[in-house]
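The values are calculated or read from the model by the stated rules, or taken from the named source; none is laboratory data. Here the structure is a predicted model, which is why all the values come from computation and not from measurement. In this analysis, Cβ positions are derived from the backbone assuming ideal geometry, glycine residues included, and neighbour counts consider all displayed protein chains. Note: accessible area is taken over every heavy atom of the protein model, side chains too, but ligands, DNA and RNA are not part of it. Shrake-Rupley method; radii C 1.70, N 1.55, O 1.52, S 1.80 Å.
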Amino acid sequence: MADNQVTTMLKRLSGYADINSHTPNTAGVARVAEAVGADFVTLLGVPAQRFDLPPYESINDDGKVVTTAVGPALLLRKRPSAPHRVLLNIHLDTVHPVDGPFQSCRLDGNRLNGPGVVDAKGGLVVLLEGLARFEAGPDADLLGWDVFLNPDEEIGSPASSPMLRELARQHSTALVYEPTHPDGVLVGDRKGSGTYSLVVRGMAVHAGRDFSAGRSATVALATAIQRAHALNATLGPPQGGVVINIGRISGGTSVNIVPDLAIARINVRASTNEEAVAIHKALTQIAVELSTTDGITAELHGGFTSPPKSLSSASRALTSSVLAQAALLGLPAGTRPSGGACDGNKLQAAGCAVVDTMGPVGGHLHTEQEYVLVDSLEQRSQLTHQTLSWLAHNLPPANT
């Protein structure tokens, strides 16, 4: 790859990464969407359709249901009437807060360190460059493609999930541009992920004057937390298919008041649908039994946002084809599972064959040490080019 092409890809990636697009920063997500949309027009001549998604519901620190806006989604289409079509997807948002210290990129040899450089703005660059190379090749007229870029993957895609499911129904095959494992190996099976809020209410009284008349929501929640954490040992296989993480606790006001509200935010992971059902049932039962305590009520909100993804036969066949193309480029072969979920989980559940780590190689996702290997931007762009050329001759007809 010529040095000027490397420089162009790095400049594009640094430009995306220097725009903070933490999911709640809807203005920043919109700026990234605008920059990516402009690059699609420049490189591919394809304008973007912008979608303003509906807000999603969540539980605030007062235990109330609130709605929250997300940034825009983009849909780009080429040859929509082609008999063979593929869906390409990656997200615009990151986990790095707008007021945090990690806001810019630093190049050190073959490593570019920066917010979202591998998860997943490097995926945006690989997708764009790979498509540009494919469109310049001899097979372009044989394959149509849709690109969907969503603004809320890092919080489980609550607003964009309906569009993801609808697009999945229109395609037999999807490529998602999440990063590979740090050694370049693809992710195969993925755990499913869910988020719950357990809201516990009691009765507030002055702790000194009338302590015995109060009903402490925090003490009741503490009991529930112990029970929920114990599910890690009692649900799922011994090797740890189930993960129940009590991620955040809030509640109480002044130390001399018996607290009447306490909330636990819980993230859960499951390797199978059966485990997911068991987790939901067990957490629901904890809330129900907690509400039998005198003066205490409990409500469980939330659920699984991404179903477990054990490779379907169609996804396994597609993965084998991608690995065959990777071998031609001298790239690492094989797959390993991951505890992390992504939109590939949803797309496979909706009927698509999916490879969801078509993005670059890097590591330390979701930390200030996040990095991408620069040479992998070129390698993975070429893998996209070759995979699309292969699909142009081998892809089943599009769903109707």
Report, in cubic angstrom per residue, the convex hull volume of the C-alpha atoms of the chain.
141
With the calculation restricted to Cα positions, what are the radius of gyration and Dmax of the range 23-79 in angstrom?
15.0, 49
Work out how far the C-alpha atoms of the range 238-318 reach from end to end along every principal axis, then list the three figures in whole Å, largest first.
62, 24, 23
Note: the range 135-207 at 20 °C, 1.002 mPa s; Kirkwood Rh on alpha carbon pairs; Stokes-Einstein D in µm²/s works out to 126
Carbon and sulfur together cover what percent of the accessible area of the range 1-139 at a 1.4 Å probe radius?
51
Report the full-extension gain for the segment residue 299 to residue 6: residue separation times 0.36 nm, less the Cα-Cα distance, to one decimal in nm.
100.2 nm
I'd like the accessible area for residue 105: 1.4 Å probe, protein heavy atoms, all chains in place, Å² to the nearest 10.
40
Viscosity 1.567 mPa s, temperature 4 °C, Stokes-Einstein D of the range 228-277 from Kirkwood C-alpha radius, µm²/s
102
Heavy atoms only, probe 1.4 Å: what % of the accessible area of the range 356-400 goes to carbon and sulfur, would you let me know?
52
Using only Cα atoms, locate the centre of the range 300-357 and the centre of the range 74-106, then give the distance between them in Å, rounded to an integer.
17
Compute the Kirkwood hydrodynamic radius of the range 7-137, taking the inverse of the mean of 1/r over all pairs of distinct Cα atoms, and give it in Å to one decimal.
16.2
Could the peptides 174-182, 286-294, 310-318, 193-201 be put in order, highest first, of the mean number of other beta-carbon atoms found within 10 Å of their residues?
174-182, 193-201, 310-318, 286-294
For the pair residue 246/residue 141, report the inter-label distance in nm, with labels modelled 7 Å from Cα in the Cβ direction.
6.5
So what is the 222 nm mean residue ellipticity for the chain from helices alone, if each DSSP H run of at least 4 adds -39500 (n - 2.57) and you divide by all residues, rounding to the nearest 500 deg cm²/dmol?
-11500 deg cm²/dmol
Whenever you get a sec, line up 106, 79, 165 from highest to lowest accessible area (probe 1.4 Å, protein heavy atoms).
106, 165, 79
In whole percent, what relative contact order does the range 285-386 give with Cα contacts below 8 Å and a gap of six or more residues?
24
Give the relative contact order (percent, whole number) for the chain; include only Cα pairs under 8 Å separated by 6+ residues.
23
What is the extension gain from residue 230 to residue 98, computed as 0.36 nm multiplied by their sequence separation minus the C-alpha to C-alpha distance, in nm to one decimal?
44.0 nm
So how far, in whole Å, is the C-alpha centre of the range 142-172 from the one of the range 220-280?
30
Find the percent of Cα-Cα distances in the range 195-343 that exceed 21 Å, and round it to a whole number.
56
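With a ≥ b ≥ c taken as the square roots of the eigenvalues of the C-alpha gyration tensor of the range 88-175, please select rounded if a/c is under 1.5 and otherwise prolate if a/b is larger than b/c or oblate if it is not?
oblate
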Residue (of 168, 130, 143) at the positive-pole extreme of the range 121-212, dipole from beta-carbon charges
168
Rel. contact order, % - alpha carbon contacts under 8 angstrom, at least six apart, the range 1-125:
32
